[in-house]
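Working notes, structure below.
The values are calculated or read from the model by the stated rules, or taken from the named source; none is laboratory data. Please read all numbers here as calculations on a predicted model, not as lab measurements. Here the Cβ positions follow ideal geometry from the backbone for every residue, glycine too, while neighbour counts run over all protein chains shown. Each accessible area value is taken on the protein alone, full model and side chains, heavy atoms only, with ligands, DNA and RNA left out. Shrake-Rupley method; radii C 1.70, N 1.55, O 1.52, S 1.80 Å.
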Amino acid sequence: MSEAALTIKNLSAGIARGPMLLHGVSLSVAAGEVHGLVGMSGAGKSMVGRCVLGILPAKVAITGGSIRFAGQELVGMAERQRRRIGAGMALIPQDPLSALNPSRRIVSQMTDVMRLRLGISPTEAAARALALLHEVHIRDPQSVLRRYPHELSGGMRQRVLIATAFACEPKLIVADEPTTALDVTVQKQILRLIRDLQRSHGTALLFVTHDLGVVAKICNSVTVLNAGRIVEQAPVAEIFGQPRHPYTRALFAATPRYDQPGGAVG
Amino acid sequence: MITRILSRLLQAIPTLAGVAVLVFVLVRVVPGDPVAMMIPPGADADVVARLYAQYGLDKPILTQFVIWAGQALHGDFGMSISLRQGVTGLIFSRLPATLELVAFAATLAVLLGGALAVFGTRYAGRAGEAVVDGLTGFILSVPDFLWGLAFIVGFGVLLPLFPISGRNDPSYSLGLASDFILTESFLRLRWGVTADILAHMTMPAVALALPLAAMIARVLKSSLAEQMAQDYALLSRVKGFSRWHVIVAEALRNAAIPTVSLTGVQVTFLVGGTVLIEKIFSYPGIGSLAIDAVVNRDLPLIQGLILTFAVLFILINLLLDFSYALLDPRLRHG
């Protein structure tokens, strides 16, 4: 196994003077690997992603544990330094509609991060944005750059966001249910796109999802979360071969099987 | 766009006609007699009758209205009874003072309200937000004219920082061509005069601006909170931008849209607020003119002024409507 891009140890987080959300979560994502983080809504899987990215909601705080990224401890780091370290990370968000600012053109939303992180000029950044849109197979990228988000379809918006996530060659990308808000045909294309880009760029991916079908297609290893605790952690082949924990088996039972008509859960 | 502006202007015509009728009837139905205000008690009945005839007040209301409306359509709103000048000229000479005061107050309100909202959002859930909430609550609970009186005592008398009355220092002549003396003195680079006018305007403008600023701060802060919870704001922080940057460069413009629609109406209250504030600060605008007109039962002047206020309200609402399209690209192609 190669060197880990991200190592989380015993991570706990909770609402101030309220319930705990994460109980001692540990996982590691190797460089260039796709690690799935699976669980029901409210299991805390997105919260893990937000801990890693440093964008916890105001009332939630990390109460213990460690997050190591690029050789540095992120827990307890000052915000200013944290923002600098963040250059090595990116996010592919869940809802491509609300993840793009409705009042800014695509080009400015793609280039702002490049200008900040890479320190390049607006012209250079725009040229790079164009190349990235080519890479995510957007037709007529030149005109897409000039448009506003409401002028693009959901799939195109998600492609723009994926292109932006890869813009600064991050070591780690957190993908937070990137296909949930899309319809099924688009889901498949987007999933393949993420996998292809992840492979060609050699990026480590923490893939948050509730969909075990997606996990089977894209992930190397999986962590199954329930109520903020890890219930199972294994390579994909193993967990699909013989899920050990009853909760994992229940998740499998709840996954619609497209190859068995009538067997799907409604 | 142009057709939309034209149709809105056409819609304004029946509104103005309605206001004209309402005001015309109201000022004649409510007790109070303009002629009685002009002459000493116990005057000769002949004199009274002549004065009634002179101002056309002896005719039936309907006839009076037809005469007045006919002249009004030609831009002639009659003679002021108490000031013995043409109403139209009188209003146009005092309107610029009010417009400059309202514009200054609205600018202050937007800047102050915006700053409070941004500050409160940056420190959401912490002491900074509580301070902003407390402050806006306090400001809102005191009406503008009380702020005006408090400022006169505080910064006019106890700590005389600002002049308490008028629009400019009367000891020198302005020598300006228009009545927009703030704008004109600034454009002519006579900034000493500009500073003097601003000093005179500061207290009335701040008194007018405070309640509006607090209202803007409240609405803007809650819509900023909504925007900051959107994924694009989170994504911007992941990209590496500071909270300040995310608030000002990403969320503010989107949060401004509901804020304009919710507080836009308040700007018209600002115009209404000038009536008391101008009187308190002896500021020579149409607000103080309106109070004098009412006190003297100066019917033609009251009618002219209320129509002026109505036109201002309609124009402000029109401007607000079109500012949405400026803020929200989704509305531009609709």
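Selection within the stretch A:91-104: residues that are more than 7 Å from chain B (Cβ to nearest Cβ) and open to solvent by less than 10 Å² (accessible area, probe 1.4 Å). The member of this set that is nearest to A:M156 (Cα to Cα) is A:P96.
Would the stretch B:150-163 turn up any residue that is more than 14 Å from every other protein chain (Cβ to nearest Cβ) and under 30 Å from B:H245 (Cα atoms)? For the stretch B:150-163, residues more than 14 Å from every other protein chain (Cβ to nearest Cβ) and under 30 Å from B:H245 (Cα atoms): absent. Across the stretch B:219-263, the number of residues qualifying as at the interface with chain A (Cβ under 9 Å from one of its Cβ atoms), closer than 14 Å to A:S98 by Cα and open to solvent by 50 Å² or more (accessible area, probe 1.4 Å) comes to 2. Filtering the stretch A:189-213 to residues that are β-branched (V, I, T) and touching a residue at least 60 places away in the same chain (Cβ under 8 Å) leaves A:I194, A:T203, A:V208, A:T209.
Only one of (1) within 27 Å of A:V214 (Cα to Cα); (2) crowded, with 17+ Cβ neighbours inside 10 Å; (3) touching a residue at least 24 places away in the same chain (Cβ under 8 Å); (4) within 14 Å of chain B (Cβ to nearest Cβ) fails for A:L22. Which number is that? Every listed condition holds for A:L22 apart from (4).
Looking across the stretch A:71-90, the residues that are open to solvent by 20 Å² or more (accessible area, probe 1.4 Å) and within 12 Å of chain B (Cβ to nearest Cβ) come down to A:E79, A:R80, A:Q81, A:R82, A:R83, A:R84, A:I85, A:A87.
What residue, of B:I181, B:I91, B:I139, is in contact (Cβ under 8 Å) with a residue 60 or more places away in the chain, within 30 Å of B:V66 (Cα to Cα), in contact with a helix residue (DSSP H, G or I) (Cβ under 7 Å, 6 or more places away or on another chain) and open to solvent by less than 50 Å² (accessible area, probe 1.4 Å)?
Exactly one of B:I181, B:I91, B:I139 is in contact (Cβ under 8 Å) with a residue 60 or more places away in the chain, within 30 Å of B:V66 (Cα to Cα), in contact with a helix residue (DSSP H, G or I) (Cβ under 7 Å, 6 or more places away or on another chain) and open to solvent by less than 50 Å² (accessible area, probe 1.4 Å), namely B:I91.
Restricting attention to the stretch A:105-132, the residues that are more than 7 Å from chain B (Cβ to nearest Cβ), under 18 Å from B:F241 (Cβ atoms) and either surrounded by fewer than 19 Cβ atoms within 10 Å (Cβ to Cβ) or in contact (Cβ under 8 Å) with a residue 60 or more places away in the chain (or both) total 7. Listed by first and then second residue, the pairs with beta-carbon distance under 8 Å, at least 6 apart or on different chains, first residue in the stretch B:300-319 and among the hydroxyl-bearing types (S, T, Y), second open to solvent by less than 20 Å² (accessible area, probe 1.4 Å), are B:T308/B:I91; B:T308/B:I286. Taking the conditions exactly as written (more than 16 Å from the chain's Cα centre (by Cα) and among the small types (G, A, S)), does A:G49 satisfy them or not? Judged against the criteria, A:G49 is not a match. Is at least one residue of the stretch B:272-293 modelled with pLDDT under 90, in a helix (DSSP H, G or I) and aliphatic (A, V, I, L, M)? Looking through the stretch B:272-293, none of the residues is modelled with pLDDT under 90, in a helix (DSSP H, G or I) and aliphatic (A, V, I, L, M). Criterion first (farther than 30 Å from B:K221 by Cβ and at pLDDT 90 or above) does B:I139 satisfy it? When the stated conditions are applied, B:I139 does not pass them. Residues of the stretch A:172-210 that are of a type in the set (D, E) and open to solvent by 50 Å² or more (accessible area, probe 1.4 Å): A:D183, A:D196.
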